[in-house]
Amino acid sequence: MAIITLTTDFGLKDHFVGVLKGSIYSELPDAKIVDISHGITPFNIQECAYILKNSYNSFPKGSIHIVGVDSEATQENQHIAVLINGHYFVSANTGVIGLITSEIKPDKIVEIKIPNPFHGSFPVLSVFVQVACHIARGGTLEVVGKPFNELKDLREFMPRIADDGKKIIGSVIYIDNYGNVVTNIQKNLFESYRKGRDFELSVRNHKIKKIHKAYNDIIDFSIEKSRRKGDGDLLALFNSSDYIELAIFKSNLKTVGGASTLLGLDYRDTVMVDFL
């Protein structure tokens, strides 16, 4: 039985997640359900896209990913099912899949057209679960939809290049549980414009001239402890998804604060790289 994953902004206080799982188990008693996240900021498509893009490929091919963020259907927000690199995605056409398809061409896209659909306020249950269970039983996309070629993308994820390649203007796209700030500047883009040059990464009134590979790279163990950088110091690194991330070493967002609070950064705020 294929794995079915759930990524939503439903939270865990209400009954919605439990209802989804119960409905899947009612149709597929042997189903394997995995929660990717139910803590997406409400209606934050960019945040959802970042989490989904960086998690789906850890699952085996054939997995089915239900995306429950801004899922009500409209003329401009169609319900779709997409096959990409052996993975199925059932979602609204919000652009959430666009971050994945910007790197991998989809194999198949359909607009969901199931018989006698119930147009209520909970389409993840009334539509997406039906489609996911159909796929999990071995069904094809052609049965649940018609070909579709108007997949939205997320242009906000793309940083701008300025000054004839001497500047990258990026923005904050995600803040994690530690208060670490993830930008939309990826390593391959950074290196393609850097061309061996020195650089300054500017954020608020801070300038950073080095990007690390790991958090503890900030510590120079050859220096006496009292003089080392360490807990509470700001650093930049390429995170596990190869995006530039700003972090406070060993921060705690709930006590001393993290990079987001200490630097005063929020979603969409600007981060710039200048090549010298």
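The selection criterion, being among the small types (Gly, Ala, Ser), part of a loop (DSSP other than H, G, I, E, B), exposed (fewer than 15 other Cβ atoms within 10 Å of the Cβ) and within 20 Å of the chain's Cα centre (by Cα), holds for Gly11.
For the stretch 131-168, the tally of residues that are more than 20 Å from the chain's Cα centre (by Cα) and on the phi < 0 side of the Ramachandran plot stands at 24.
Filtering the stretch 53-85 to residues that are more than 19 Å from Lys146 (Cα to Cα) and part of a loop (DSSP other than H, G, I, E, B) leaves Asn54, Ser55, Phe59, Pro60, Lys61, Gly62, Ser63, Val69, Asp70, Asn85.
Just give me the residues in the stretch 104-130 being assigned to a loop (DSSP other than H, G, I, E, B) and within 19 Å of Gly62 (Cα to Cα), in sequence order. Within the stretch 104-130, Ile104, Lys105, Pro106, Asp107 meet the criteria. Of the residues contained in the stretch 122-130, one or more are found to be more than 16 Å from the chain's Cα centre (by Cα), surrounded by 14 or more Cβ atoms within 10 Å (Cβ to Cβ) and of a type in the set (Gly, Ala, Ser). Among the residues making up the stretch 213-240, those that are out of contact with any strand residue (DSSP E or B) (no Cβ under 8 Å at 6 or more places or on another chain) and either on the phi > 0 side of the Ramachandran plot or of a type outside the set (D, E, K, R) (or both) are Asn216, Ile219, Phe221, Ser222, Ile223, Ser226, Gly230, Ser240. Residues in the stretch 138-188 that are within 30 Å of Leu235 (Cβ to Cβ), loosely packed, with under 12 Cβ neighbours inside 10 Å and of a type outside the set (D, E, K, R): Asn177, Asn188.
No value in this document is a laboratory result; all are computed from the given coordinates. Keep in mind it's a predicted model, so treat the numbers as computed, not measured. Every residue, glycine as well, gets a Cβ built from its backbone with ideal geometry; the counts of neighbours run over all protein chains shown.
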